[in-house]
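**Q** Quick one: the structure is below, and I'll ask about it shortly.
Values quoted throughout were computed directly from the atomic coordinates according to the rules given, and no laboratory measurement underlies them. Just so we're clear, the structure is a prediction, and the values are computed from it rather than from any experiment. Please note: Cβ atoms are built from the backbone with ideal geometry, for glycine as well, and neighbour counts cover all protein chains shown.
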Amino acid sequence: MVEELRKKAEELLRSGKVEAIIGYQRSNGSASTTPCFIEAEDEVTRLVWDEHCVYNLTLYLKEMKKKAGVVAKGCDAKAVVALIQENQIERDQVQIIGVECERQLDGKGRVLEKCKTCQVHIPGIYDVLIRSKTPTSKTEKEELAEEDDAVRELEAKPVSERWRFWQKQFEKCIRCYACRQICPLCYCPECITEKTMPQWILPSPSLKGNTAWNVVRAFHLAGRCVDCGECERVCPVGIPLRKLNKKLEKEIKTMFDYVPGLDPEKKPPLTDFRMDDPEEFVR
Amino acid sequence: MKRLLKKDELEKMVADLMENYDVIAPVLKEELIAFQPITRTDQILWDYPNSLKPVKEFFLPPREVLFRFKQGKAEPMSPAPKKRLIWGSRPCDARSLLLLDKVFLDETKDIYYFEKRENTLLIGLSCSDPQESCFCTSFGSGPHSKEGLDLLMTHLKDGTFVVESNSPRGEELVKGRGRVVNTKDEERQEKVKEEAEGKIERALQPDSFLEKLVNGFGSPYWDKACLQCISCGICRYLCPTCHCFDIADEDSERVRFWDACSFPNFTKMTSGENPRHTKRERFKQWYNHKFNYFKQNHGVFLCVGCGRCLRSCPVKIDFREVLDRIPAQTASPGGKG
């Protein structure tokens, strides 16, 4: 796969379709990887692809001022769809180098939680696709079952217990905003946390401010979050942010029969309105 | 004075100290290694890589109330006089406090910081197993350094510890406990020390960083070097020597809390002007502060080589590489700044 990836990247650069490739390279001689930005054809040998390529590189598209190619796993490609839907990038400005993904590993060599319930081993949107020689064997049915369970466990608990659970989690937050910074869909030029008049969210790491921040982050991603899981992966104190995201994903699915990141032509429900909306206040 | 104590003797010592001190020690808390006040000695971790957050959090807390106000009147917080003892700090973290002292004590005495420093004893635990990301020896410290500590404990890997005092207060704590070490104990301690130092394979040349940073200030190198950075605050917050803070009024409290130079708002002025208006400037600032400005202002590098920034970066930026790759230039071309 790596050879094919490098070949395709080289072609894209040579043809002038892109001026830069955002990909993965080895991190300082170790097995882990770090994002890389390649602008010259002879640098494509830096590109790698394996189970250590965890990052969602589409994050960097919003900063790119030139035509770029991006190496994208299935989950990452969903973010590109959302960015197109929200007019953050233009489809013809980006070349998606889709990679068929099996499952990725965290820093300790464990399979990432999101990969256990993945349904997009092959990206839903791409310009170039690099297929795996050993595709995953899991059936779609098994995956769906697991996914349901992950949300249900917490939902089954009474409100007071859920509140205690999250208070304990938010207490740990150090407000480093890595969750926001790593998110491809957190692209506001000025985040609500940065506004001081009025100060919507207390800036210091108090339980009150932390709760407000974490709730707002999740709410702002409702119907938009594509579950790439990067926020949870980077949280230095281990707040299970995917649980919040997944819950909202489920709510959106139930209410609007909508799954984010699948169809660039569809309008995300929370940015759309229709004259036949049953709610009076919307019309 | 060096003494030899068995682990249970040390535990007895902690238990005795708890009567007069708030004892803060490394514990395992939801899979994270954290320093926190303990109530039982069996909570203590005796062998751990390093804590997620450095011990600076007990001197410059992530959030600290400076005073409360009510109906136009301020109620000053009386800094708690309760004596504290930090048990099992790694030598790198202890050294970081000496660097923070230069900021918070040398010119203007920061009373909040000062009170905590005065009231806190530091008991260190030598590193026997430094990690790949550790490089304390490049910054004048070492896995067995006593610098900044009242006591240093070194595990001889058989359940006994050499406990070495490094201050009169430390000497007082250990007086009469265990037994005085003999030559054989000291030889074994030396062996453990050499083993630990041997595990730190990579030596950095900080002086070369200074020169490259000064000359490469306006280099186009930074345009590309900053690309990977996602501009979060992890490396700054988890760094034992980063000490920038913000101040705000929250409800009826004036609080100060950690701030990070990676955030766009860090340098934003009320006029709306922002002197570090791009990621490039903000990225570069961290390196310059640690290896250029602080060295020029205080004579030392603002780094203790604990490696937290390497281990915790969400996109695995290796700051050693960033510094190594700054192109050597003879003079700054200026320009972009």
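**Q** So what is the diffusion coefficient of segment A:2-130 in µm² per second by Stokes-Einstein at 37 °C and 0.692 mPa s, using a Kirkwood Rh over Cα pairs? Present the calculation step by step, with values, prior to reporting the outcome.
**A** On the way: Rh = 14.7 Å.
After rounding, the answer is 224 µm²/s.
**Q** Once the convex hull of the alpha carbons of segment B:2-199 is built, what does its volume come to per residue, in cubic angstrom? It would help to have the intermediate numbers written out before the result.
**A** Details: hull volume 28.0 nm³, N = 198.
With only Cα atoms used, segment B:2-199 gives 142 Å³ per residue.
**Q** Okay, next question. Which ³J(HN,Hα) values, rounded to whole Hz and listed in residue order, are derived for segment A:19-28 from phi using the Karplus coefficients 6.51, -1.76 and 1.60 in 6.51 cos²θ - 1.76 cosθ + 1.60 with θ = phi - 60°, glycine and proline given as x?
**A** 9, 8, 10, 9, x, 10, 9, 5, 9, 6
**Q** Hey, another quick one. Diagonalise the Cα gyration tensor of segment B:206-324 and give the resulting equivalent ellipsoid semi-axes, square root of 5 times each eigenvalue, largest first, whole Å.
**A** Values: eigenvalues 119, 58, 46 Å².
That gives 24, 17, 15 Å for the three semi-axes.
**Q** Amide H neighbours of B:Leu121 under 5 Å, counting only residues 5+ apart in sequence or on other chains, H built in-plane at 1.01 Å?
**A** B:Arg84, B:Leu85, B:Ile86
**Q** Counting only other chains, and only Cβ atoms inside 10 Å, what mean value do you get across the residues of A:193-199?
**A** Numbers: counts 2, 4, 1, 4, 0, 0, 3.
Counting Cβ atoms of other protein chains within 10 Å of each residue's Cβ and averaging gives 2.
**Q** Then there's this: Please report, to one decimal in angstroms, the Kirkwood hydrodynamic radius of the protein assembly as shown built from all distinct Cα-Cα pairs.
**A** Numbers: mean 1/r = 0.0374 Å⁻¹.
After inverting the pairwise mean of 1/r, the radius is 26.8 Å.
**Q** Follow-up. Please compute the Kirkwood hydrodynamic radius of chain A from all pairs of different C-alpha atoms, in Å with one decimal. Walk me through the intermediate numbers first.
**A** Values: mean 1/r = 0.0496 Å⁻¹.
Kirkwood radius, chain A: 20.2 Å.
**Q** Which length gain, in nm to one decimal place, applies between B:Glu197 and B:Asn265 when the Cα-Cα distance is subtracted from 0.36 nm times their residue separation?
**A** On the way: separation 68, 0.36 × 68 = 24.48 nm, distance 4.08 nm.
Taking B:Glu197 through B:Asn265 to full extension adds about 20.4 nm, to one decimal.
**Q** Work out from phi, with θ = phi - 60° and the Karplus expression 6.51 cos²θ - 1.76 cosθ + 1.60, the ³J(HN,Hα) of each residue of segment B:147-161, listed in order in whole Hz, and give x for Gly and Pro.
**A** Result, ordered by residue: 3, x, 9, 8, 9, 10, 9, 10, 6, 8, 6, 9, x, 10, 10 Hz.
**Q** For B:Lys193, go through the lysines and keep the ones whose alpha-carbon is under 27 Å away, minus same-chain ones fewer than eight residues off.
**A** B:Lys2, B:Lys6, B:Lys7, B:Lys12, B:Lys53, B:Lys56, B:Lys146, B:Lys157, B:Lys175, B:Lys184
**Q** Let me have the relative contact order for chain A, percent, based on Cα pairs under 8 Å that are six or more residues apart. Display every interim value, and only then the final one.
**A** Working: 433 pairs, mean separation 45.3, N = 283.
Relative contact order here is 16 percent.
**Q** Still on this structure, please answer the following. Under 22 Å Cα to Cα from B:Lys70, which lysines show up? Leave out anything in the same chain fewer than 8 places away.
**A** A:Lys208
**Q** A further question on this structure: Take each of the peptides B:295-305, B:216-226, B:236-246, average the number of other beta-carbon atoms within 10 Å over its residues, and list them starting from the highest.
**A** Working: B:295-305: 19.5, B:216-226: 17.2, B:236-246: 21.8.
Per-residue Cβ counts within 10 Å, averaged per peptide and sorted highest first, yield B:236-246, B:295-305, B:216-226.
**Q** Take every Cα-Cα pair in chain B and report what % of them are more than 32 Å apart. Don't jump to the answer; show the numbers that get you there.
**A** Numbers: 19985 of 56616 pairs.
Every Cα pair in chain B considered, those over 32 Å come to 35 percent.
**Q** Then there is this: Compute the whole-percent fraction of alpha carbon pairs in segment B:114-258 spaced more than 25 Å apart.
**A** So the portion of pairs separated by more than 25 Å is 52 percent.
**Q** Would you kindly derive the ³J(HN,Hα) couplings of segment A:37-54 from the backbone phi angles with the Karplus curve 6.51 cos²θ - 1.76 cosθ + 1.60 (θ = phi - 60°), listing them in order in whole Hz, with x for Gly and Pro?
**A** Result, rounded to whole Hz: 10, 10, 10, 10, 4, 6, 9, 5, 5, 6, 5, 10, 8, 6, 6, 8, 7, 8.
**Q** Give me the Debye-computed log₁₀ of I(q)/I(0) at q = 0.23, 0.29 Å⁻¹ for segment B:172-213, equal point scatterers on Cα only, no solvent, two decimals.
**A** For the requested q values the scattering log ratios are -0.85, -0.95.
**Q** Counting only residues 5 or more places away or on other chains, whose amide H sits under 5 Å from the amide H of A:Cys36 once H atoms are built in the peptide plane?
**A** Sorted by chain and number, the residues that satisfy this are A:Gly23, A:Tyr24, A:Gln25.
**Q** Further question: For segment A:226-280, compute Rg over Rh where Rg is the Cα radius of gyration and Rh is the Kirkwood radius from the inverse mean 1/r over Cα pairs. Provide the component values of the computation, followed by the final result.
**A** Values: Rg = 14.3 Å, Rh = 13.1 Å.
Over the Cα atoms of segment A:226-280, Rg/Rh equals 1.09.
**Q** Please express the Cα-Cα pair-distance distribution P(r) of segment B:1-73 as a list of whole percents, one per 5 Å bin, running from 0 to the bin with the greatest distance.
**A** Distribution as computed: 3, 12, 18, 18, 18, 12, 6, 5, 4, 2, 1, 0 percent.
**Q** For segment B:274-326, just the Cα atoms, rotate onto the principal axes and tell me the three extents in Å, largest first.
**A** For segment B:274-326, the Cα extents along the three principal axes come out at 30, 29, 19 Å.
**Q** Could I ask something else about it? Can you tell me the orientation of helix A:207-220 relative to chain A, as the angle in degrees between its alpha-carbon axis and the longest Cα principal axis, to the nearest 10?
**A** 60 degrees
**Q** Using square roots of five times the C-alpha gyration tensor eigenvalues, list the equivalent-ellipsoid semi-axes of segment A:140-274 in whole Å, biggest first. Show your work: numbers first, answer last.
**A** Details: eigenvalues 122, 83, 39 Å².
Working through the eigenvalues yields semi-axes of 25, 20, 14 Å.
**Q** A further question follows. If the reach is capped at under 15 angstrom between alpha carbons, list the aspartates and glutamates near A:Lys246, excluding any in the same chain fewer than eight residues apart.
**A** A:Glu113, A:Glu143, A:Glu146, A:Glu147, A:Asp148, A:Asp149, A:Glu153, A:Glu155, A:Asp227, A:Glu230, A:Glu232, A:Asp257
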